[in-house]
1. Once the Cα atoms of helix 57-66 and of the chain are each reduced to a long axis, what angle between those two axes, in degrees from 0 to 90 to the nearest 10, is obtained?
2. Going from the alpha-carbon gyration tensor of the chain, what semi-axes, largest first and in whole Å, does one get by taking the root of 5 times each eigenvalue?
3. Could you tell me what percent of the DSSP beta bridges with both partners in the chain are antiparallel, to the nearest 5?
4. Grab the DSSP H runs of the chain that are 4 residues or longer, score each as -39,500 (n - 2.57), total them, divide by all residues and round the 222 nm result to the nearest 500 deg cm²/dmol.
5. Give the relative contact order (percent, whole number) for the chain; include only Cα pairs under 8 Å separated by 6+ residues.
6. Solvent-accessible area of Asp44, probe 1.4 Å, all protein chains present, reported in Å² to the nearest ten, please.
7. Over the chain, what percent of the accessible surface lies on carbon and sulfur atoms, probe 1.4 Å?
Amino acid sequence: MGSRLGIIASSGDLPILIMEKAQEKGFTCIVAAIEGQTDRTIEDGIKPLQWFELWDITGVISYFKSKGVSEVAFAGKIDPRVIYSKEQFGPTA
């Protein structure tokens, strides 16, 4: 089995560009897409791919481990309004 690259894909074209370059270098790419951030068109022809909530880092790590991922890259942009919204910090914030 060759090297497996986990890509945490967010918005924009960068996730696809990184995946294409990594595949050219012989990596097998495993994609974790972020709900509400990643463009749904990423599903077209990209396998394996799984969707995760923004804060589900444990789920992303478990997914990558189950697929034998040896390296991870984050690609794309997260809307800062989502990161800093009061809803993300709960009712006591």
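1. 20 degrees
2. Working through the eigenvalues yields semi-axes of 25, 15, 10 Å.
3. Values: 1 of 16 bridges.
About 5 percent, rounded to the nearest 5.
4. -8000 deg cm²/dmol, from helical runs alone.
5. 39 percent
6. 120 Å²
7. Working: 3270 of 6020 Å².
Carbon and sulfur: 54 percent of the exposed surface of the chain.
The values are calculated or read from the model by the stated rules, or taken from the named source; none is laboratory data. Not measured: the values here are computed from a predicted model. We work out accessible area using only protein heavy atoms, side chains counted, and drop any ligands, DNA or RNA first. Shrake-Rupley method; radii C 1.70, N 1.55, O 1.52, S 1.80 Å.
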